[in-house]
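Readers should treat all values here as calculations from the given coordinates under stated rules, not as data from a laboratory. All values reported here derive from a predicted model rather than from experimental measurement. Ideal geometry is used to build each Cβ from the backbone, glycine not excepted, and the neighbour counts take in all protein chains shown.
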Ligand code: PAF
């Protein structure tokens, strides 16, 4: 499995695939610290585009706020490459910060109306950084398919809007949330949790399950669903809720009642670690 370091090398790789008359290319953008959730994205990509899967590994500085964890974000490059290769990656794209943001870089992508909702409200500038780097990756790799996890559901909404608006030509494929056996959604940030916090963190998936069971029983009213989720959070006093939202997955605007495809999302601070989870209403 080749490791590409420059945008030009990635472009060249894409061109070669094209010249050889291959179908499209799949891109799996990541920030590394790969876990079973990422593995499921790479596997899904390799299933539909075997031999043409690029996995990018880039801890993107522009999506971190000044007091966030950019410096300490887990960096596990050798293990990431091994996992990506095992799951069917064809190449790794691992550029430097200077490669992605050349000196004097002044161009950013803002997705108005969505970038400041949910995680964007709590993390100003976060989605601007995400949209910018993903636009750069899609522009360089020109994939026909780009794979993202449902766990970052608000990110998916922002990127879908951006891809449609800029006519970037890639289809966004969303893969289901992968969970530990006790329900905790996999996240590269779970490694920050102490063993006590690891237990407290289960409150997020408990709130999600509570809402899913109410919906399964016929409840649709946003106020009732949010109240039920709040009361689950109230059981775990150490955990500080950030948001609980029932929103249209396209616009990220609140809805009064849940319809199929509506996004129910939560975010909370467990100690110093901010975790998110969600479910799509059936
Ligand atoms: O979801 C992530 O890991 C990141 O936000 C992404 C999409 C790779 C952009 O840096």
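Of note:
- Listed by Cβ neighbour count within 10 Å, with the fewest neighbours leading, 192, 243 appear as 243, 192.
- Shown is the FRET efficiency for residue 2 and residue 253, computed with R0 = 35 Å from the Cβ-Cβ distance and rounded to the nearest 0.05: 0.20.
- Cα Rg over Rh - the stretch 51-165, Kirkwood: 0.95
- Degrees between helix 36-48 axis and first principal axis of the chain (Cα, 0 to 90, nearest 10): 50 degrees
- Hydrodynamic analysis of the chain uses the Kirkwood radius over alpha carbon pairs. Inserted into Stokes-Einstein at 10 °C and 1.306 mPa s, it gives a translational diffusion coefficient of 81 µm²/s.
- Entry note, the chain: the mean residue ellipticity at 222 nm calculated from DSSP H runs of n ≥ 4, each adding -39500 (n - 2.57), is -11500 deg cm²/dmol after division by the residues and rounding to the nearest 500.
- Long-range Cα-Cα pairs in the stretch 88-130 (distance over 18 Å), rounded percent: 49 percent
- Counting DSSP beta bridges with both ends in the chain, the antiparallel % (nearest 5): 50 percent
- Judged by the mean number of other Cβ atoms found within 10 Å, the most tightly packed of the peptides 65-77, 227-239, 108-120 leads the ranking 108-120, 227-239, 65-77.
- Inter-part distance where the stretch 74-146 and the stretch 175-211 are each reduced to a Cα centre, Å: 24 Å
- Against the main long axis of the alpha-carbon atoms of the chain, helix 7-19 sits at an angle near 80°.
- Virtual spin-label span in nm between residue 108 and residue 227, 7 Å along Cα→Cβ: 4.0 nm
- Each principal axis of the stretch 214-270 carries a Cα extent, and these read 32, 26, 14 Å when sorted largest first.
- For the chain, the longest principal axis of the C-alpha atoms and the axis of helix 222-233 are separated by about 90°.
- Segments 156-165, 199-208 sorted - mean Cβ within 10 Å per residue, highest first: 199-208, 156-165
- For the stretch 115-174, average projected area of the Cα convex hull in nm²: 3.6 nm²
- Shape analysis of the stretch 150-282 yields a ratio of the Cα radius of gyration to the Kirkwood radius, Rg/Rh, of 0.98.
- Ordering of 121-128, 36-43 by packing is 36-43, 121-128, highest average first (other Cβ atoms within 10 Å, averaged per residue).
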